[in-house]
Every structure is written in structure tokens, then in C-alpha cells.
Amino acid sequence: MFRRPPELIATPENPFGNDKLGRKDEIVRLTNLMKGTDTPLVMTLGAPWGAGKSSFVRMWKAYLESPAGGEHCCIVFDAWESDFNKEPLLGCMGEIGEFIKSHKHSSSWYGQALSAFEKVVDELPGLLKATAGMATFLSWAVPGVGALAAGLNAGADAAEKVRNYVEGGHSDLKASLKVFKEGLREFVALVTDGGKKPLYFFIDELDRCEPEYAIKLLESVKHFFDVENIIFVLSVDMAKLGSMAQVRYGEGYDASGYLGRFVDVEYTMANVDIDAFIRFITVDVFRFDRGCLDGEGDVHRFVRFVKDIVSVYRITTRGVYRALSKVSPLMEKKCSIIDSGIATAGIDSHSFHFLGMSKGVFIDGYLYSSLSNFYYIYVLLALLREGDVGYYSRWPMGFDLDKKTLRSVGVDRGFYYSVLMTISNLSYTSDENIAKAAVSCSDIEGLAVFLAHILKKSNKVYEFFEYYKKGLQSYDSLVFPSSEGVFMSFDQSFPRRGFS
């Protein structure tokens, strides 16, 4: 069963209650860095699309609204939800209207803010320069906000405003902009206690918008909202934003220089902790702890196992998520090594009989549990598939015990290399060695030695790997574009671990 990452919930009462990836310290540090910032300010919160920016924004907003974070007023505008109307200024104003409405019974400034917002709204027809944009706004207007909404309820005044604008020729846009900003300044002063605590205006999901809308939104922020005591935070990958600018102005356009005119500060989110990320995917997303993993001990071993492979091969977080997504249906239920056809269970609960052996092997609890719930090879091959598809496709053929051949594929590949190479190339195949390996097996590396013995003994190396590779074939072409992003940290590579 495939699962989408859960949507993060953060409140001012508990901003970091669902912080599975350890973002708290980063958010607190960033908040402290912003203290005393000159305003107005436009800042980008950078990371690739799907890197968990939305979750970061939710927690940061909740923290800023909390007593510890300074009890700031914050507005979040989901740009992707609003890009259908093609007028980003309308979307921003609609979000401000919703913000005012939400404080009707909780803030002393509600009535004054409403009056200030009315002045701003009244100038929109002249600034939008299009009846289509005005019509969209009329359908969005917040009930009870200003004369424009009242005109909508009366059915005449608002339409008359639009008609006067269209038929009357050209308005004085500079005068309209001046009045617009005066009303905005008045509103901001009210909600920021005279500028003591800046208003944070987050614009999220900009990565997902059409290029034209995204650039138009950026220009609206700079031209219309360039007033004191506002900090704009644009949640966007700057590289993606540069590509959007080139779509609009041409491939050779200096996107970096263009964006520099609008953005004052660029901030790049830190990479997540590898253990926290793998644990989150394992437990909170795919819930392996309710299926193939039995208890915290199994979870810990699984996280360490995946971490070792990922660290050596520098698989991106997107690759980790994709690999575990593909094996998740295979790990919904316990799977036994018996399924691969190289072993049968004995009469005793701790006995297996392997092909090519004269009698069964008695094994301890760890080995019995591992073989009865054999997910290691699925996960190992799925991660290897993400790390190097060519290397994956060659297993287990094309290798022998010649050191030169082994070194040609890179012995520094470390942990997973040792596991696969051990399974494929170990040559000691006596019943005595198999029994000895069973007794000494206490971890995944010991499991590899044990498997190597029995696979050589039964002459089933190729069939063994092919069985598990076929189990993954159905999932090789799967892509999960819609589920990558709510809580992830995709496209960030983990640091490479050194091997001698």
C-alpha cells in the first residue's frame, strides 16, 4: 500500500510538537537572526521543490505567533492555490482580508484595520488595470470589509467603479499607488504595535506556480507592498525562480541580476539529519513498525542499515524516499526466505533446511527472525537501484574472486558492497561452515556471510538475486510526484562516509 506523507500541524501553543526532522533549532536561530531587521525586506527560503519548505513555514509561523517567538502577526499566502486567477495582487489582498476577519473577536485593532484596508481595496481597480481581475476580486471579497464589498452586496457601486475605470480612460496610477500604500502602512502599523514587531507575510508553494504568475507575484510584492514593518518570506528554490524568469524573458536573460532587484536576503534550509529522516520515512510515512519491523529494536537496526547504505553511496533523500516507496507494498506483511525457494522450515520453530544440505540448521532468535521476515535484500537492491542502475543490473553476474575485477567496480563502496559481494562470492560451502555461520550471526553482516554459505552450497546465487529483483520490477517505473513534499527534504545529498 502506498502512502502520502502526513500533513504537518503546528500551533502557537505547540509549534514543534510534530517536528520529526529536528527543525526547531534552525527555526529558533533564524528567528533570532531576524530581530532588528530593517524593513521592508524580501527574503527567500530556499530549498528544492519538495524539500519540506511548507512544513518549515508552518512551524516558523506558529513559533513567531507564540510568546517565545515574539507574538508576531503572520499571514500565509498559498500561491499555488490562487494562481488560477492570474492576478497575484488579488490573492494577496484576499489573504489580508481573511487575516483581518479571523481577528474580529480577538484583537483591539480589528475596527481600525478594517477601515485602513477599505482604503487599500478602493484603489485596486486602478492598479489592476483589467476588468477580469476586478471581477475575480468581487467574488473573493471578504464580507463586511470596506465599501467595495458593500458595493458588491448592493449590486451596483462596485460595478460602477469598474465601468468608470474602463470607460473613463486612464487613471492616475501613481496617485492610486500612493493611496494604496498609505492605507497599507496604516494597516501594518496597527497590527505590528506601531512597528515594534514586524508583520511576517509568507508566500508558499511558489515553486508549483506557472512561471508567469510566479514572476508577476514577485513584482507585485516589490512594487505594491514595499512598506515599512513587513517581512516577506518567499518559499521557493531560487534556481527554479531563475528558470521561471528565463521562461518569461528568454533563455539568455540574466535571471540572477533580475531577481537580485527584488530579493534582499536568500536563506537556504539546512540538510536534515539522516537518522531523523530515515526514521520518519520508516515509522511515520510507511509504518514499517506495524508490519515487517517488530518493536523499537527492529526499527533501530533498520534505520542503521539504510543509513549505512545511503551514507556510502550518497543517495539523495529523494532517492531514499523513492526506494522505500517501491518496497513498501512488499513490506506490508512479513516475508520469509522460504519464498525465494532456497529453504524450507524444519519441524522445530528455529530450524531451516537449505537446498544442498544433508540436514537442517538450528538457528538463534535473531537469525530466525531475520530469515522469517526477510526484507533486507528488497531494501538493499531498491537503494542500490537508486544509487547506480548499471551496478544494480549487473548483480550477481560478471564478478568473480579476482581482486582486480572486484576493484574495478570500486571496493570503496563500503558496507552494502561488502554485503552483496560477500553473498555473491564467498566460497566456503561445507555444512560445518554453514552451521558455524548460523551460530555466530548477530547482525546484517553476519547474515550476509550466512547467506553466502548456503547460496554457494545450493548453487542458487543467481536465482536468489533474480527472485528479489523480479519482486522489484513492478515498481521500477513508479514515480510519486504528488506526494513528494509535505514533510520531505528531497534532492539533498547526505555527506559521504569515508572508507579505506
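Here, each number is a calculation from the coordinates, and none is a lab measurement. In this text the structure is predicted, and so the values were computed from the model without any measurement. Neighbour counts are summed over all protein chains in view; Cβ atoms, including those assigned to glycine, are modelled from backbone coordinates with ideal geometry.
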*Theoretical FRET efficiency, 1/(1+(r/R0)^6), r = Cβ-Cβ of Ser243 and Ala276, R0 30 Å, to 0.05*: 0.50
*For the range 270-279, 3J(HN,Hα) per residue [Karplus equation, 6.51 cos²θ - 1.76 cosθ + 1.60, θ = phi - 60°, Hz, x = Gly/Pro]*: 6, 4, 6, 5, 4, 5, 5, 5, 5, 5
*Give the distance, in whole Å, between the Cα centre of the range 70-98 and the Cα centre of the range 287-322.*
38 Å
*Between Val439 and Lys178, how many nm apart are label points set 7 Å from Cα along the C-beta direction?*
9.5 nm
*With a Förster radius of 56 Å, plug the Cβ-Cβ distance of His353 and Asp388 into 1/(1 + (r/R0)^6) and report the FRET value to the nearest 0.05.*
0.95
*Please report the Cα spread of the range 298-339 along all three principal axes, rounded to whole Å, starting with the longest.*
32, 19, 16
_Asp284-Gln473 pseudo-label distance in nm [points 7 Å out on the Cα-to-Cβ vector]_ = 3.7 nm
*Can you run phi through the Karplus equation (6.51, -1.76, 1.60; θ = phi - 60°) for the range 57-70 and list ³J(HN,Hα) in whole Hz, with x for Gly and Pro?*
4, 4, 5, 5, 4, 4, 5, 4, 7, 7, x, 5, x, x
*Output the relative contact order of the range 4-104, whole-number percent, from Cα pairs under 8 angstrom with separation of 6+ residues.*
28 percent
*Using modelled backbone amide H atoms (1.01 Å from N, in-plane), which distant-in-sequence or interchain residues come within less than 5 Å of Gly291's amide H?*
none
*Work out the charge dipole of the range 307-394 with +1 on the Cβ of Lys and Arg and -1 on the Cβ of Asp and Glu about the Cα centre, then indicate which of Val389, Val327, Tyr366 is farthest towards its positive end.*
Val389
*Work out how much length Glu13 to Glu251 would gain on full extension: take 0.36 nm times their residue separation and subtract the Cα-Cα distance, in nm to one decimal.*
81.0 nm
*Thr268 to Glu432: extension gain in nm, 0.36 nm per residue of separation minus the Cα-Cα distance?*
53.4 nm
*Hey, can you grab everything whose amide H is under 5 Å from the amide H of Gly69? Only 5+ residues off in sequence or another chain; H modelled, so Pro and N-termini drop out.*
none
_Using amide H atoms built in the peptide plane, which far-off residues or other-chain residues are under 5 Å from Asp78 H to H?_
Asp204
*asked:* How much length would be gained if the chain were fully extended between Glu81 and Thr37, taking 0.36 nm per residue of separation minus their Cα-Cα distance, in nm to one decimal?
replied: 12.9 nm
